[in-house]
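Beneath this line is the structure, given in structure tokens, with notes to follow.
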Amino acid sequence: VVASQDWPEVTKYAGLVCAQAHRQELIQDLFKTWQDPVRGAVSGGMIKELLISFRRATGQKPQRIIFYRDGVSEGQFYQVLLYELDAIRKACASLEPNYQPPVTFVVVQKRHHTRLFANNHHDRNAVDRSGNILPGTVVDSKICHPTEFDFYLCSHAGIQGTSRPAHYHVLWDENKFTADGLQSLTNNLCYT
């Protein structure tokens with residue numbers, strides 16, 4: 001799990017690693033509690049550690065959390081959302097009882113069969129040298145879900161063959177992002 005440490009610049013990151021069981025979608029160590037014989041009930045986990053790290057680096061707690069999650073199949077979206085959003089909430093509350101920043105939870109899928117092509121392959125303003133769509137291209141209509149908040153973003157140039165955009169599914173959005181706002185932030189984060 002990686003977290004920015006210097007919002008709004010987003011140029012410094014802290015990262016934590018934990019072992020995860022094979023084929024296990026849920027990140028078990030986001031928040032955990034245990035009984036210590038001396039201290040009693042103790043809480044911790046990756047989210048709490050990253051929140052503390054952010055506060056140490058900036059002198060304040062994050063005002064909002066934008067959580068990008070990879071490696072989740074569509075059939076497990078809501079199981080992962082419920083478990084991990086709850087872990088984020090508990091980690092925030094363990095830092096300070098009434099601390100509940102707004103959370104946006106986005107699942108990123110890279111393993112899909114969708115490819116994007118320009119309407120006119122000869123238009124040099126629509127394609128790069130290899131004929132792929134330009135980096136930063138977003139598609140959020142026609143091929144996206146009619147009622148859910150999802151979009152395709154091709155953030156980088158394809159080195160060889162046809163570029164594959166990432167498919168972003170916004171499962172929870174308390175930050176009330178506009179589609180353009182979240183798409184722009186997402187694209188910019190690909191370059192930090």
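Table for the structure above
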read-out: Conditions (1) touching a residue at least 40 places away in the same chain (Cβ under 8 Å); (2) within 18 Å of the chain's Cα centre (by Cα); number of the one not met by Arg89; value: (1)
read-out: Positions within segment 57-81 being exposed (fewer than 12 other Cβ atoms within 10 Å of the Cβ) and either touching a Phe, Trp or Tyr at 6+ places or on another chain (Cβ under 7 Å) or among the acidic types (Asp, Glu) (or both), in sequence order; value: Asp70, Glu74
read-out: Qualifying residues in segment 157-175 (those that are more than 16 Å from Arg111 (Cα to Cα) and touching a residue at least 60 places away in the same chain (Cβ under 8 Å)) - the one nearest to the chain's Cα centre (by Cα); value: Val170
read-out: Answer residue from segment 177-187, given it is in contact (Cβ under 8 Å) with a residue 12 or more places away in the chain and either out of contact with any helix residue (DSSP H, G or I) (no Cβ under 8 Å at 6 or more places or on another chain) or among the basic types (Lys, Arg) (or both) and is nearest to Ser141 (Cα to Cα) among those; value: Ala179
read-out: Lys32 charged (D, E, K, R), in contact with a strand residue (DSSP E or B) (Cβ under 8 Å, 6 or more places away or on another chain), more than 30 Å from Pro135 (Cβ to Cβ) and surrounded by 12 or more Cβ atoms within 10 Å (Cβ to Cβ); value: yes
read-out: Residue within segment 35-48 that is among the hydrophobic types (A, V, I, L, M, F, W, C) and touching a helix residue (DSSP H, G or I) at 6+ places or on another chain (Cβ under 9 Å) present; value: yes
read-out: Near pairs, Cβ below 9 angstrom, 6+ apart or cross-chain, from segment 142-156 (more than 20 Å from Asn132 (Cβ to Cβ)) to any residue that is modelled with pLDDT under 85 and surrounded by 12 or more Cβ atoms within 10 Å (Cβ to Cβ); value: Asp150/Cys144
read-out: Matching residues in segment 6-51 - criterion: being among the polar types (S, T, N, Q) and assigned to a helix (DSSP H, G or I); value: Gln28
read-out: Residue ID - surrounded by the most Cβ atoms within 10 Å (Cβ to Cβ), chosen from residues in segment 138-161 that are out of contact with any His (no Cβ under 6 Å at 6 or more places or on another chain) and among the charged types (D, E, K, R); value: Asp140
read-out: Filtered residues of segment 30-57 (kept if among the aliphatic types (A, V, I, L, M) and more than 17 Å from Val103 (Cβ to Cβ)); value: Val38, Ala41, Val42, Ile52, Ala57
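The values are calculated or read from the model by the stated rules, or taken from the named source; none is laboratory data. Computed from a predicted model, the values in this text were never measured in an experiment. Every residue, glycine among them, receives a Cβ derived from its backbone with ideal geometry; neighbour counts consider all protein chains shown.
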